[in-house]
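Let me begin by presenting the structure, written as structure tokens, before commenting on it.
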Amino acid sequence: MSNDFTPGHLTPGQITAWRTRQLPPELVEGVAHHLAGCEACRLAAHPTGEGFRLLESLAGEHLDYEALEALANGGSRGLDHIGVCPLCATELADLRSFRQSLRPAPARRLAPRLWLPALAAAALLIGAFLWFRPAATQKTQSQATQTLSTQTLSTQTLSTQTLATLHDAAGVIALDQTGELRGLPNLTPAQRAPLAQALRTGELPPLPAPSDLIRPRETLLGDAPPAAAPKAVQPLAPAGNMVLSDRPTFRWTAPPGATHFRVTVYNLNFAEIARSPDLGDTSSWTPATPLPRDAIYLWTISASLGGQRVSAPQPPEPEARFRVLDAASAQEFAAVQARQPASRLEIAVAAARLGLRQEAENALRDLARDNPGSPLAEHLLLSLRKK
């Protein structure tokens, strides 16, 4: 067998010697580097991917998504593992590519993954190192490699490119390129589908149109509208939205000196449904008796100011309307909130579908806080505010 390299490829004798661990020691490193850069010779020397499986068997347990996220954020814990584990290196590269794709920069073609030849070289050099170990040690390592490579094969078969990941209260959730949602194993396929859609589009389901809750500003008759008087009191919430609780908290603003506030709630026929006692100078009130569900209400706030009784809203200001969620939908949403572990993304999606804007925004705020700097979490929150 010749010990010289041919200009283009290894000789059949050199490949056979490499595979049978009979290559002279002085050629081991050179052959390993040639195989790292020559796919044809690498396939001839390792047609079953032996070098990579050997490398993975030495890498140990794979990194979880939290460790990969930390590495993507610039951390160093786990770098040694990445250097010897092709699967985790691929997952980390996919995660970084996804983040890069979300940056507000002109579209560009991703650079080739130059780490693959280096990874192959590392695999082959480890094989070269094991070349000179005692036969008994090689046999033990071979048995371990066979066992671990079988486990790794299943992981590699199921592993696909990650398109989106988020830290959720229920753990890390991810969307792969096949559209499958990973994480949240306690959800049914029907429950997982809208979450996958939200990760895919970066938007929540559209909220039901509140056309019956948001009233236009009225137009007063006359040659010219009167000058707008300063608002003595102003309803804040609920106004123009769906509410979850049948005992919603009413809030308002008022100028200094206003006192003896009183809230009155009506149905659409202007029949009085609830009335607060004299609330003094407080600026909120929660009724003691539940309001009937699945109904639209309007409310007014009155106060004593400067020796006069004033109330709001007054024409041409629109009515302060709201709807109380129906009982079945309220129970459905309560089940989502009570699920263990609870998913903030699921809560936000369910709230948006039911028209519960405030609950959806609260969940997305928590999600954005748990994913600082995540364009996906920020886009989800912004998309809700635009609806």
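The values are calculated or read from the model by the stated rules, or taken from the named source; none is laboratory data. Please read all numbers here as calculations on a predicted model, not as lab measurements. For neighbour counting, all protein chains shown are included, and Cβ atoms are generated from backbone atoms with ideal geometry for every residue, glycine included.
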*Odd one out for residue 326 among (1) without any contact (Cβ under 8 Å) to a residue 60 or more places away in the chain; (2) under 25 Å from the mean Cα position of the chain (by Cα)*: (2)
*Test: residue in the range 207-226 that is modelled with pLDDT of 90 or more and either charged (D, E, K, R) or outside any loop (DSSP other than H, G, I, E, B) (or both)*: no
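One line per residue, one yes/no per condition, for (1) more than 29 Å from residue 209 (Cα to Cα); (2) hydrophobic (A, V, I, L, M, F, W, C); (3) more than 40 Å from the chain's Cα centre (by Cα); (4) surrounded by 13 or more Cβ atoms within 10 Å (Cβ to Cβ):
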position	(1), (2), (3), (4)
280	yes, no, yes, no
286	no, no, no, no
293	no, no, no, yes
297	no, no, no, yes
309	yes, no, yes, no
*In the range 179-192, which residues are over 14 Å from residue 164 (Cβ atoms) and either among the acidic types (Asp, Glu) or surrounded by 14 or more Cβ atoms within 10 Å (Cβ to Cβ) (or both)?*
187, 191
*Residue list for the range 244-255, filter: more than 28 Å from residue 330 (Cβ to Cβ) and of a type in the set (Val, Ile, Thr)*: 253
_Residues within the range 303-343 that are within 30 Å of residue 173 (Cα to Cα) and either part of a loop (DSSP other than H, G, I, E, B) or not β-branched (Val, Ile, Thr) (or both), tallied_ = 16
*asked:* Given the condition under 21 Å from residue 373 (Cα atoms) and either among the hydroxyl-bearing types (Ser, Thr, Tyr) or modelled with pLDDT of 50 or more (or both), answer yes or no: does some residue in the range 141-154 qualify?
replied: no
*Considering only the range 352-363, state which residues are in contact (Cβ under 8 Å) with a residue 60 or more places away in the chain and crowded, with 18+ Cβ neighbours inside 10 Å.*
352, 353, 354, 355, 356, 357, 359, 360
_Of everything in the range 236-255, what is of a type outside the set (A, V, I, L, M, F, W, C) and either modelled with pLDDT of 95 or more or not in a strand (DSSP E or B) (or both)? Give them in sequence order._
238, 240, 245, 246, 247, 248, 249, 251, 255
_When the residues of the range 256-302 are narrowed to those that are part of a strand (DSSP E or B) and small (Gly, Ala, Ser), which ends up farthest from residue 330 (Cα to Cα)?_
302
*Hey, does the range 310-331 have a residue that's touching a helix residue (DSSP H, G or I) at 6+ places or on another chain (Cβ under 6 Å) and under 30 Å from residue 167 (Cβ atoms)?*
yes
*With respect to the numbered conditions (1) under 26 Å from residue 274 (Cβ atoms); (2) in contact (Cβ under 8 Å) with a residue 40 or more places away in the chain; (3) surrounded by fewer than 17 Cβ atoms within 10 Å (Cβ to Cβ); (4) assigned by TED's automatic domain parsing to the domain that holds residue 267, which one is the sole condition not fulfilled by residue 314?*
(2)
